[in-house]
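Down below is the structure, laid out as structure tokens.
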Amino acid sequence: MKTILITGGAGFIGSHVVRLFINKYPDYKIVNLDKLTYAGNLENLTDVENAPNYVFEKADIVDAQSIFELFNKYSFDGVIHLAAESHVDRSIANPMEFINTNVIGTINLLNAAKASWGNTEGKRFYHISTDEVYGSLGEDGLFTETTAYDPRSPYSAAKASSDHFVRAWHHTYNMPVVISNCSNNYGPNQFPEKLLPLFINNIIQNKPLPVYGKGENVRDWLYVIDHAAAIDLIYHKGKNGETYNIGGHNEWKNLDLIKVLCKIMDQKLGRDSGTSEKLISYVKDRAGHDMRYAIDASKIQKELGWTPSLQFEEGLDKTIDWYLENKAWIENVTSGEYQKYYQEQYEKR
Ligand code: NAD
Ligand code: TYD
């Protein structure tokens, strides 16, 4: 039986990866390590929490000692590392948290794996990263695996730094690593501070929709289940030392996306056409706001046979339905500490 460590498994993408691995690989033991920050929620995993091949460990990857102890306890065969501080706006307000978790935390995991794996035969350290490390595109062009790193927010700088450390452990210590850089994800269980779930929640509650700047920034959206499928493929079939870009071939200008969302929400909520669009409120732009992200995913398509399975319209529809059907989840994750943070951030704008 192989034992796989998944970090950040109580978060948005991590919970989908944990579920996929538990169900698809009953002969793997899946250990989910998560600090349960505001973004980590075990409610994301209630359907699989009693699976015989699943264990949850509450731990902080910044705490080197407890990470070493966990590696000793379980003798992991592989690591899929998703734990991170993930929201750009929070990284602007509080960069140190990002440097600690995303950089130091990643190095702690690399060190623990190196110490624990004498012979690395059959072992794998898979680091999940973002396309934001490549910086910002103009109107044309796509990020490829060879695009030079040019991170511009504290979040993307911390992720870029962690990518560099992962590659350094590969080149220096022969650590069997693989990295993927993915575009913006959307889908069920995404914390309602990122664009889509925040706006869905605000429309439900008739609250303003804070569009940064003129809403002209472009993002390339991918359904989270397609990202989880790519992670499964790369974990099992990717080549050591390689990087794979993952993206949806699905670029949207923020304002266009928000208008489509408003239209669908009006229909689903039985409101007059145009009601949700009236909630749009243009607010001060994000500092250093990257203009455009878009991924060239041809390498993973050609080498591993991955393509996104869902059309965007279908993914968006499923996502909206999930939030409409899970109002208690939204209520639970946005209560307490988050409410205070959101009020402060919103009032500042
Ligand atoms: P998320 O914020 O929803 O979840 C992050 C998880 O990490 C949470 O469960 C949190 O509790 C945990 N965590 C945070 N700090 C920790 C610490 N110090 N120790 C242990 N656990 C800790 O993030 P997400 O959107 O699911 O992103 C997961 C990963 O994918 C991140 O590495 C992110 O950079 C990357 N990524 C995200 C996107 C996206 O669109 N969301 C796109 C590309 C890559
Ligand atoms: P976000 O979901 O924070 O992802 P990222 O910044 O990592 O791409 O934001 C997606 C886009 O939406 C980005 O261009 C910023 C914009 N945005 C808003 O206009 N208003 C908001 O309230 C949020 C959270 C984001």
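Quick one: Met175 ticks every box in (1) within 23 Å of the chain's Cα centre (by Cα); (2) more than 16 Å from ligand 2 (Cβ to nearest atom); (3) assigned to a loop (DSSP other than H, G, I, E, B); (4) buried (at least 20 other Cβ atoms within 10 Å of the Cβ) bar one, so which box is it?
Among (1) within 23 Å of the chain's Cα centre (by Cα); (2) more than 16 Å from ligand 2 (Cβ to nearest atom); (3) assigned to a loop (DSSP other than H, G, I, E, B); (4) buried (at least 20 other Cβ atoms within 10 Å of the Cβ), the lone unmet condition for Met175 is (1).
Return a yes/no flag: does the range 75-98 have any residue that is buried (at least 24 other Cβ atoms within 10 Å of the Cβ) and part of a helix (DSSP H, G or I).
Yes: one or more hits.
With more than 16 Å from ligand 1 (Cβ to nearest atom) and hydrophobic (A, V, I, L, M, F, W, C) as the only criterion, which of Leu269, Leu257 stands out?
Every option except Leu269 fails the conditions.
Out of the residues in the range 110-138 meeting the condition of being more than 10 Å from ligand 1 (Cβ to nearest atom) and within 17 Å of Ala297 (Cβ to Cβ), tell me which one is nearest to the chain's Cα centre (by Cα).
Tyr134
How many residues does the range 313-349 hold that are surrounded by 12 or more Cβ atoms within 10 Å (Cβ to Cβ) and modelled with pLDDT of 95 or more?
11
Of the conditions (1) within 14 Å of ligand 1 (Cβ to nearest atom); (2) assigned to a loop (DSSP other than H, G, I, E, B); (3) at pLDDT 95 or above, Phe56 satisfies every one except a single condition; which number is it?
Of everything listed in (1) within 14 Å of ligand 1 (Cβ to nearest atom); (2) assigned to a loop (DSSP other than H, G, I, E, B); (3) at pLDDT 95 or above, Phe56 misses just condition (2).
What pairs come up if the first residue lies in the range 197-223 and is without any contact (Cβ under 8 Å) to a residue 40 or more places away in the chain, the second is more than 16 Å from ligand 1 (Cβ to nearest atom) and part of a strand (DSSP E or B), and their beta carbons are under 9 Å apart, counting only those six or more places apart or on different chains?
Going by the 9 Å Cβ cut-off, the qualifying pairs are Leu198/Leu209; Leu198/Pro210.
What about Leu261, is it farther than 20 Å from Ser309 by Cβ, modelled with pLDDT of 95 or more and out of contact with any helix residue (DSSP H, G or I) (no Cβ under 8 Å at 6 or more places or on another chain)?
So Leu261 fails the test.
Conditions (1) within 11 Å of ligand 2 (Cβ to nearest atom); (2) within 18 Å of the chain's Cα centre (by Cα), marked per residue:
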| residue | (1), (2) |
| --- | --- |
| Pro188 | no, yes |
| Glu193 | yes, yes |
| Gln205 | no, no |
| Pro210 | yes, no |
| Asp232 | no, yes |
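Would you confirm, using the coordinates I've provided, whether Ala160 is within 28 Å of Lys114 (Cα to Cα), in a helix (DSSP H, G or I), within 16 Å of ligand 2 (Cβ to nearest atom) and touching a helix residue (DSSP H, G or I) at 6+ places or on another chain (Cβ under 9 Å)?
The answer is yes for Ala160.
Identify, from the list Ile92, Ile61, Ile107, the residue that is in contact (Cβ under 8 Å) with a residue 12 or more places away in the chain, within 14 Å of ligand 1 (Cβ to nearest atom) and either in contact with a Gly (Cβ under 9 Å, 6 or more places away or on another chain) or of a type in the set (D, E, K, R) (or both).
After applying the criteria, what remains is Ile61.
Among the helices (runs of 4 or more DSSP H) confined wholly to the range 273-344, which include 1 or more residues that are within 25 Å of Tyr134 (Cα to Cα)?
Of the helices (runs of 4 or more DSSP H) lying wholly inside the range 273-344, those with at least 1 residues that are within 25 Å of Tyr134 (Cα to Cα) span 298-304, 312-325.
Take the range 139-167 and flag every residue that is away from ligand 1 (no atom under 13 Å from the Cβ) and touching an Asp or Glu at 6+ places or on another chain (Cβ under 7 Å).
Those that are away from ligand 1 (no atom under 13 Å from the Cβ) and touching an Asp or Glu at 6+ places or on another chain (Cβ under 7 Å): Leu142, Thr144, Arg152.
The values are calculated or read from the model by the stated rules, or taken from the named source; none is laboratory data. Computed from a predicted structure; not experimentally measured. For neighbour counting, all protein chains shown are included, and Cβ atoms are generated from backbone atoms with ideal geometry for every residue, glycine included.
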